[in-house]
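One structure is given below, encoded as structure tokens.
The values are calculated or read from the model by the stated rules, or taken from the named source; none is laboratory data. Just so you know, these numbers come straight off a predicted model, no measurement behind them. When we count neighbours, we look across all protein chains shown, and the Cβ atoms used for this are built from the backbone with ideal geometry, even at glycine. What goes into the accessible areas is simple: the full protein's heavy atoms, side chains included, and nothing from ligands, DNA or RNA. Shrake-Rupley method; radii C 1.70, N 1.55, O 1.52, S 1.80 Å.
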Amino acid sequence: MDGSKEDEFFNLYNNLGYGLVRERRNQIQERNTSFLRYDLSAWFLRAVDSATYYNLLIDERDPVGAYKGYANWVNRDDVNAGLDLGYKLTPDFSFVSGWRIGQQTQARLYYNPAASNSTYNRALFGFEGVPLNWLQAQLVAGPDFRRYGDASHLGLTGDRHTWLYLQGQLTATFTPSDTLTASEKVWHFVSSAGVYSIQETAESLVYKHAFSKQLSASAGLKAFGHRYDAPTVRDDWTTGVPVNVTYAPTRTFP
């Protein structure tokens with residue numbers, strides 16, 4: 001994003017309320033997910049890795065005096081890798097168990113030593129595939145065994161905590177042109193405001209209709225929440241009604 005290197009001033013701080021402002025500042029966002037799968041008749045083995053990186057390229061200011069209310073953002077990332085083992089109930093539907101080893105880091109503000117760097121082991125259990133000819137399903141959930149380092153566990157009792165991880169999606173195909181997709185993700189991440197760790201929840205319900213091979217439209221409801229860990233006492237939510245129209249002149253250029 002080639003945006004301004006100066007941020008806005010706010011009277012009140014709400015990480016969700018000024019998220020749109022943050023997304024328009026000067027920054028680089030990188031995301032990657034890769035996997036390699038080996039199939040047997042009744043089982044499969046899959047090696048996976050995932051990385052998310054936010055590099056916020058804005059000027060950092062101590063929010064006092066002339067800069068009172070200035071919103072700072074910090075760099076943050078999440079990297080993990082692991083293995084999945086799947087058992088095929090049918091050729092198109094499997095039970096899955098997996099394990100991830102990863103870490104999260106969060107840059108420090110120069111006037112505040114707090115950070116929420118951590119390493120984690122994540123156990124996952126769920127299913128994926130096509131249980132019915134009109135339904136595509138994917139769900140994994142399990143405990144996130146987290147160990148915080150540095151001064152990150154201030155306000156938390158100890159540096160070891162177990163959090164919930166959940167990610168799932170259901171897509172129902174009513175006709176060749178009509179689909180309804182429900183998705184949810186619950187996980188722990190580091191705050192973009194440079195404070196403490198958060199439980200992030202994202203939920204959506206989206207209906208999509210294809211008018212032709214080139215033209216489609218969708219509408220839905222999305223909810224997004226941040227519950228901060230101690231000592232910050234916040235539980236912020238925002239909802240939206242996304243409406244999208246997509247026209248694809250070619251298969252590779254929508």
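Descriptive notes on the structure:
- Boolean, T171 is out of contact with any Lys or Arg (no Cβ under 6 Å at 6 or more places or on another chain), crowded, with 17+ Cβ neighbours inside 10 Å and of a type in the set (S, T, Y): yes
- Failed condition for L16, given (1) open to solvent by less than 60 Å² (accessible area, probe 1.4 Å); (2) in a loop (DSSP other than H, G, I, E, B); (3) without any contact (Cβ under 8 Å) to a residue 40 or more places away in the chain; (4) aliphatic (A, V, I, L, M): (3)
- Among residues of the range 183-217, those that are surrounded by 16 or more Cβ atoms within 10 Å (Cβ to Cβ) and farther than 30 Å from N55 by Cβ, counted: 3
- Inter-residue pairs, beta-carbon under 7 Å, first in a strand (DSSP E or B) and in the range 157-185, second open to solvent by 80 Å² or more (accessible area, probe 1.4 Å) and modelled with pLDDT under 95, 6+ apart: R160/R147
- Every condition in (1) more than 25 Å from A141 (Cβ to Cβ); (2) without any contact (Cβ under 8 Å) to a residue 12 or more places away in the chain holds for L56 except the one numbered (2).
- Qualifying residue in the range 43-53 (condition: within 22 Å of K5 (Cα to Cα), open to solvent by less than 50 Å² (accessible area, probe 1.4 Å), at pLDDT 95 or above and outside any loop (DSSP other than H, G, I, E, B)): yes
- Residue match in the range 217-227 (condition: touching a His at 6+ places or on another chain (Cβ under 9 Å) and hydroxyl-bearing (S, T, Y)): yes
- Restricting attention to the range 73-122, the residues that are within 25 Å of G155 (Cα to Cα), open to solvent by 20 Å² or more (accessible area, probe 1.4 Å) and acidic (D, E) total 1.
- Single residue of F224, F189 found to be touching a helix residue (DSSP H, G or I) at 6+ places or on another chain (Cβ under 9 Å), part of a strand (DSSP E or B), over 30 Å from Y87 (Cα atoms) and among the aromatic types (F, W, Y): F224
- Residue, most open to solvent (accessible area, probe 1.4 Å), within the range 222-253, restricted to residues that are more than 24 Å from the chain's Cα centre (by Cα) and not aliphatic (A, V, I, L, M): R251
- Qualifying residue in the range 199-219 (condition: over 17 Å from the mean Cα position of the chain (by Cα), under 30 Å from R100 (Cβ atoms) and either in a strand (DSSP E or B) or at pLDDT 90 or above (or both)): yes
- Taking the criterion of being more than 21 Å from T238 (Cα to Cα), in contact with a strand residue (DSSP E or B) (Cβ under 7 Å, 6 or more places away or on another chain) and either open to solvent by 100 Å² or more (accessible area, probe 1.4 Å) or not polar (S, T, N, Q) (or both), the residues of the range 19-42 that qualify are I28, E30, R31, T33, F35, L36, R37, Y38, A42.
- Every residue from the range 123-161 that is closer than 20 Å to I101 by Cα, at pLDDT below 95 and surrounded by fewer than 17 Cβ atoms within 10 Å (Cβ to Cβ): R147, G149, D150, D159, R160
- Close pairs (7 angstrom Cβ cut-off, 6 or more residues apart or separate chains): closer than 30 Å to D159 by Cα in the range 211-231, modelled with pLDDT of 95 or more and among the hydroxyl-bearing types (S, T, Y) anywhere: G225/T201
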